[in-house]
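The values are calculated or read from the model by the stated rules, or taken from the named source; none is laboratory data. Everything numeric in this text was worked out from a predicted model, so none of it was measured. Cβ coordinates were reconstructed from backbone atoms using ideal geometry, including for glycine residues, and neighbour counts include every protein chain displayed. The accessibility values were calculated without ligands, DNA or RNA, using every heavy atom of the protein model including side chains. Shrake-Rupley method; radii C 1.70, N 1.55, O 1.52, S 1.80 Å.
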Amino acid sequence: MSQPVYADDLSKLLEQYRPRSILLLDPGGTELCTPYLNAHPDCRLEHIGAHPTMTDLPTAERYDICVVANTLERMQKVSGGQLIARLRDLLTQRLFIVVPAGDGWPDVENRWEMGDFIAFGMQLVAEYDRDGRQLQMYKFDIGDYKLTPEWLNARHWAHPERWDKERW
């Protein structure tokens, strides 16, 4: 079986972040992570195959990276949304999701759109063309989810020079 069109980008992301633990939700197997795991034998991989449910998810730890591929498009939107929220909020620092976009995917049960992922605080990071059909990769990274605004600092909130001069 040939590598997916996003395999190179995923390999680069894994090398960039150098996770020590990976949670992979992909019914296609673990081949996506094999090159990284071969180069980093200390990294631990947890794999969940087809049709994951909330009870299939691990509960004991938080993973450095989670990759979801070939999964959400075969789930009901409600259960898929619950899965995304659980992964994002409790189980991983960084979440990467690859989904089909647009029409032309005959085996897709539910179509996910950009707005669905934006609602979960995710960003579109890449688009791919596979046989004339489009795939999209989204990411959620708690480290860059929300940048601290310039005004949110002590300089704007604490005015010690005015403490004894005005009564609020």
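Tabulated values for the structure
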{"item": "Identity of the residue in region 110-139, assigned to a strand (DSSP E or B) and of a type in the set (Lys, Arg), that ends up least open to solvent (accessible area, probe 1.4 Å)", "result": "LYS139"}
{"item": "Qualifying residue in region 1-13 (condition: out of contact with any helix residue (DSSP H, G or I) (no Cβ under 9 Å at 6 or more places or on another chain), crowded, with 17+ Cβ neighbours inside 10 Å and part of a loop (DSSP other than H, G, I, E, B))", "result": "yes"}
{"item": "Selected residue (criterion: nearest to TYR145 (Cα to Cα)) from residues of region 85-109 that are surrounded by fewer than 18 Cβ atoms within 10 Å (Cβ to Cβ) and in contact with an Asp or Glu (Cβ under 6 Å, 6 or more places away or on another chain)", "result": "GLN93"}
{"item": "Yes/no for GLU61 being of a type in the set (D, E, K, R), part of a loop (DSSP other than H, G, I, E, B) and over 13 Å from the mean Cα position of the chain (by Cα)", "result": "yes"}
{"item": "Extreme residue, farthest from LEU24 (Cα to Cα), among residues of region 83-115 that are of a type in the set (Val, Ile, Thr) and touching a Leu at 6+ places or on another chain (Cβ under 7 Å)", "result": "VAL99"}
{"item": "Condition met for VAL78 (on the phi < 0 side of the Ramachandran plot, among the β-branched types (Val, Ile, Thr) and either in contact with a Pro (Cβ under 7 Å, 6 or more places away or on another chain) or open to solvent by 10 Å² or more (accessible area, probe 1.4 Å) (or both))", "result": "yes"}
